[in-house]
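Structure record follows, encoded as structure tokens.
Bear in mind these aren't lab numbers, they're just calculated from the coordinates by the rules spelled out. Treat the numbers as computed from the prediction; the structure is a model and nothing was measured. For neighbour counting, all protein chains shown are included, and Cβ atoms are generated from backbone atoms with ideal geometry for every residue, glycine included.
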Amino acid sequence: MGRSVNRWGRTGLVAALSFAVFACGDNLERPAADANNNTPDARVIVADANTTDAPPTPDASLIDASTIDAAFPDARVPDATPSDAPITMTGCPVGFAGPTCQVNAGGGEWLRVYDISFAANNNWDVAGDPSYDEDNTTLLGGTSYTRVGFYYQLDNDWVWTEVDDFSAQNLARLGVPVDWTFDIAVGNLTVLTNTTSVTPVTNASNGTMEFWPFCYQPGLNGVYDYDDAIGVGNDCFGSMQIHAGTDTIWVFNGWSAPDIDDVGIGNSPGLQPDWTFDANAGSFTTRRLQVYNRKLRLLELHEVTRSAEQAVQVEPVVANERIRHEQLVAGKRPGRATG
Ligand SMILES: [Ca+2]
Ligand SMILES: [Ca+2]
Ligand SMILES: [Ca+2]
Ligand SMILES: [Ca+2]
């Protein structure tokens, strides 16, 4: 079975990809005959921005195994029912996040779950706390995500941290942990920042979260840092901290206590690396936390190529595979795509 994609001109394929990247919903394209007057097969392109369906196992008999790129195994999994309605919300262009979309957070669309500019002293204890400036949990309810991003800003300094989903798809658990705890390692920590206080990393394996509403103790090493011990007393103090190894990335402490909160990006220069008891939130005029999540595969393109006998090949493509497909069109053996 030949790959009909090879029958497309390079221009036609790129044009189709470009079209699909910016399209949502089902689109039927019927490309014109090529220079040899061969009429290409009809092709259905579906750009499903918001699939919530678990990817089905592809039918190997429908896929030309010689074209599978090990770098993108996931891209070979078609979505059987790409019919979910796209979510429309005010946000950043695909791949960007932050209040001014200044964070180049890579592929996929980051959907904002929460946004709050918080006071210097907070005392949040119960469900409904805090009162977010923006709460999109209803809008985003029922959608699936695999990554969670936190944007944290103190005056002109910001840091972006993203990790694999730790919430088991529970949007309400992505916010300030007034009634729950994540004292865990997190997968694939990526850090971006405009400061020199933290070191950017990509998909690091040493990320941890200390998210809880309790008081806590410094643990065996005697200092408040990346590895502290949860104490007794719900609604006692409050910790929201992300660390990379022994380094503090960002913290927001004391939001469940009546005293001024602790905030910080990077390690504290004081006695406690995680800023516990610094009570310094009043020294900043901008204190902002945003929480985002990201879909499994946004802008995934499913190319369904139909022969005269109907549906003989299913070929999903993601935007990152453009280079590989252009190589195919150009008649080259596809290598590992780098774009
Ligand atoms: Ca407080
Ligand atoms: Ca509580
Ligand atoms: Ca400690
Ligand atoms: Ca800590």
message: Spelling out what I want: for every residue of region 274-284, take phi, set θ = phi - 60°, compute 6.51 cos²θ - 1.76 cosθ + 1.60 (Karplus), and round to whole Hz; glycine and proline get x.
response: 9, 6, 4, 6, 5, 6, 9, 4, x, 7, 10
message: How charged is the neighbourhood of Asn221? Take every other residue with its Cβ under 10 Å from the Cβ of Asn221, and add Lys/Arg as +1 and Asp/Glu as -1.
response: -3
- request: Indicate the gyration tensor shape class of region 82-217 (rounded, prolate or oblate), computed on the Cα atoms with a ≥ b ≥ c the square roots of the eigenvalues: a/c under 1.5 is rounded; otherwise a/b larger than b/c is prolate and the rest oblate.
  value: rounded
statement: Here the net charge surrounding Thr246, from other residues whose Cβ is less than 11 Å away from its Cβ (Lys, Arg +1; Asp, Glu -1), is -4
- prompt: What ranking do Leu140, Leu192, Leu220 get, fewest neighbouring Cβ atoms within 10 angstrom at the top?
  reply: Leu220, Leu140, Leu192
